[in-house]
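For reference, the structure is listed below as structure tokens.
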Amino acid sequence: MPIDLPTLIRVLTIACLTGLLLAVGLRVTAREVINSLRKCSLTLVLVVNFVVVPFLVVILVRAFGLPAEVAIGMILLGAAPFAPVVPVFTKMAQADLALAAGLTALIPLLSAFLTPWVSLAALHFVPGAGGLKFSVLETFAVLAATITAPLLVGVAIHHYAPKLRQRVLRPVEILSEATGALSLAVVTLTELPAILDTGWKPLLAMLIGSELSLVLGYALGGKQSSSRRVIALGTSNRNIALALLLAVASFGGTKVVPAVVANGLVLILLGLVHVAYWRWVSVDPAPRAA
């Protein structure tokens, strides 16, 4: 029996998220996570990522007068913080890799519980969004299986089976990254006309939101430039795989899916620009505290 396209995209995205979070768990221990999180104002980081950034996106989509389906795609991105690729960006930007690993372990774990509710709350402020279905409980169940479970399994393998960890870590990373790229490529090619039809206004709104998020994250990163870069990268680079999973699961067949992809590609491009700037120019984008 052939698999329909939405199901294929959902399977690929779930496989990508599961593999990425398993790999994160394989790389960190509970002690490393705790020690790294002491380097930042964790409460403020969580508030900014789960409250401030999503509602900043709401303000922008209303200010730009964007259609409901496009606005929903952007809100799903705004409610999905700290992409699993942040440690890779952190390494390239010569920032604090331990902090990046700790936050990339914690925040996706919290996303399984918080992102569905944050998304639902934010959608109440978007005119016309009420007619689209969003199942919080179903989404929570999917995210718990896709994010929470593999992350905890990875941490357990790291602790109890270090030899197994050494054998499977790199294959898991390669497979999950390849699956993520394939998922993004499939949805980009199949939704290309709708992506190209997104228009410049949503992309400009997302660009503004991303840059404001970068500044907010940088301000919360503490005194060290290396930790500031981590929080900035994590706050501005949203979890595209998570947002795409939510879009396909709850809004399949609508313009929400191409809106996630189009704006997600903008975030990837901006993330690479920031990484290149910090790696090769090595100048902080904000003045140091006196």
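Quick rundown of the values:
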| read-out | value |
| --- | --- |
| Number of the condition not met by Arg229 [criteria: (1) buried (at least 22 other Cβ atoms within 10 Å of the Cβ); (2) over 18 Å from Ala101 (Cα atoms)] | (2) |
| Thr198, sole failed condition from (1) in contact with a helix residue (DSSP H, G or I) (Cβ under 9 Å, 6 or more places away or on another chain); (2) assigned to a helix (DSSP H, G or I) | (2) |
| Residues located in the stretch 145-195, provided they are over 21 Å from the mean Cα position of the chain (by Cα) and not in a helix (DSSP H, G or I) | Ala161 |
| Pairs with Cβ under 8 Å, 6+ apart, first in the stretch 255-284 and under 14 Å from Asn239 (Cα atoms), second surrounded by 13 or more Cβ atoms within 10 Å (Cβ to Cβ) and of a type in the set (Lys, Arg) | Gly264/Arg238; Leu267/Arg238 |
| Residues of the stretch 13-33 that turn out to be over 17 Å from Pro84 (Cβ atoms) and either in contact with a Pro (Cβ under 7 Å, 6 or more places away or on another chain) or in contact (Cβ under 8 Å) with a residue 60 or more places away in the chain (or both), as a count | 2 |
| Some residue of the stretch 170-177 being under 25 Å from Gly73 (Cα atoms), in contact (Cβ under 8 Å) with a residue 60 or more places away in the chain and either surrounded by 17 or more Cβ atoms within 10 Å (Cβ to Cβ) or touching a helix residue (DSSP H, G or I) at 6+ places or on another chain (Cβ under 6 Å) (or both) | yes |
| When residues of the stretch 15-44 are limited to those that are touching an Asp or Glu at 6+ places or on another chain (Cβ under 9 Å), part of a helix (DSSP H, G or I) and over 15 Å from Pro162 (Cα atoms), the one modelled with the highest pLDDT | Gly19 |
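A quick yes/no check of all residues on (1) out of contact with any Asp or Glu (no Cβ under 6 Å at 6 or more places or on another chain); (2) in a loop (DSSP other than H, G, I, E, B); (3) at pLDDT 85 or above; (4) surrounded by fewer than 21 Cβ atoms within 10 Å (Cβ to Cβ):
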residue: Leu46; (1), (2), (3), (4): yes, no, yes, yes
residue: Val57; (1), (2), (3), (4): yes, no, yes, no
residue: Leu60; (1), (2), (3), (4): yes, no, yes, no
residue: Val70; (1), (2), (3), (4): yes, no, yes, no
residue: Gly73; (1), (2), (3), (4): yes, no, yes, no
residue: Leu77; (1), (2), (3), (4): yes, no, yes, no
residue: Ala83; (1), (2), (3), (4): yes, yes, no, no
residue: Pro87; (1), (2), (3), (4): yes, no, no, no
residue: Gln94; (1), (2), (3), (4): yes, yes, no, yes
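The values are calculated or read from the model by the stated rules, or taken from the named source; none is laboratory data. Remember, it's a predicted structure, so these values are computed and weren't measured experimentally. Cβ atoms come from the backbone with ideal geometry, glycine included; neighbour counts cover every protein chain shown.
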